[in-house]
Amino acid sequence: MALLHLRRTISSRNSFLFLLRSSTNFTKARTFSNTTTIFSPHLLSNSVSHKLPSATLPSFDFLKQSRRGFAKGKNKSRDDSAGGTVEFVDIGPTVKATANSQMDAAVVALSRELQKLRTGRASAGMLDHIIVETDGVKLPLNRSAVVSVMDAKTLSVNPYDPNTLKQLENAIVSSPLGLNPQRDGDRLIAAIPPLTKEHTQAMCKVVAKSCEDCRQSIRRARQKAMDTVKKAGSSFPKDDAKKLEKEIEEMTKKFVKSAEDMCNNKEKEIKTG
């Protein structure tokens, strides 16, 4: 009988040590087990004839609290891992600036193309695209001479170097503008002839094509900006993404309207002469 009681006591001791190791407060429990006399060899030897005092056993509330604390610790770790913050990147200013630059470049290129078209009215920029070759070097006419408007139907071309007057004359005659400049001392005088009906129709078709090319360039810039917003994904807030897309759409409409207005004015200029 005494041997059975001893085995039960040792089994209770081992079970209690296992519970203490599984708790987060093992250090405090370890201190308690070292200071109490319940597990001393002397007490185990006398446990045959003496009943273990209940005051020396730790309360089960301690185990409950330890388990609760351990569970709370698990939840906290899960919350910390799940609550990781996502850093948002504000791509709005960069996307808008890039799109604005590309759309503006398309409108500027359209303006240059329209200046090359001859109308019935003299314009200083209508000769800028003509290339002049002097001494084996090719330069735009506006870098070889000063072009000015004498009146609504006449242009004056003053070369920086009078020795290049012949090359300037040949370049203007060879251009598709249909001009036939005349020498006037060290300068050239170019009269703007009236446009024929066929020439007017041809010029209007060129204007329409240039306008469509510009619209396509603007829309490509818009598409690139939209793709950049979509690629940002979760790193860019959804509300900000929608707002940015709306601003890009408004920017696109503004530049398209600017290009269309420019082409409409050019067509009127061509038709009225």
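Where a number appears in this text, it was derived from the coordinates with a stated rule and is not lab data. A quick note: this is a predicted structure, and the numbers were derived from the prediction, not measured. Quick reminder, even Gly has a Cβ in these numbers, built from the backbone with ideal geometry, and neighbours come from all protein chains shown.
Here the extension length gained between SER101 and GLN182 equals 25.0 nm, from 0.36 nm per residue of separation less the Cα-Cα distance.
On the basis of the beta-carbon distance and an R0 of 45 Å, GLU212 and ASN163 show a calculated FRET efficiency of 0.55.
Could you pull out the pairs from LYS138/LYS254; LYS224/LYS271; LYS230/LYS253; LYS116/LYS153 whose alpha carbons sit more than 26 Å apart here? Among LYS138/LYS254; LYS224/LYS271; LYS230/LYS253; LYS116/LYS153, the Cα-Cα distance tops 26 Å for LYS138/LYS254; LYS224/LYS271.
Projected onto their three principal axes, the Cα atoms of the range 179-232 cover extents of 64, 32, 8 Å, largest first. With both labels modelled 7 Å from their Cα along Cα-to-Cβ, the ASP239 to SER111 distance reads 3.9 nm. Across all directions, the average flat footprint of the convex hull enclosing the Cα atoms of the range 158-250 is 10.7 nm². Taking Cβ atoms as reference points and 10 Å as the exclusive limit, the residues near GLN167 contribute a net charge of -3, counting Lys and Arg as +1 and Asp and Glu as -1.
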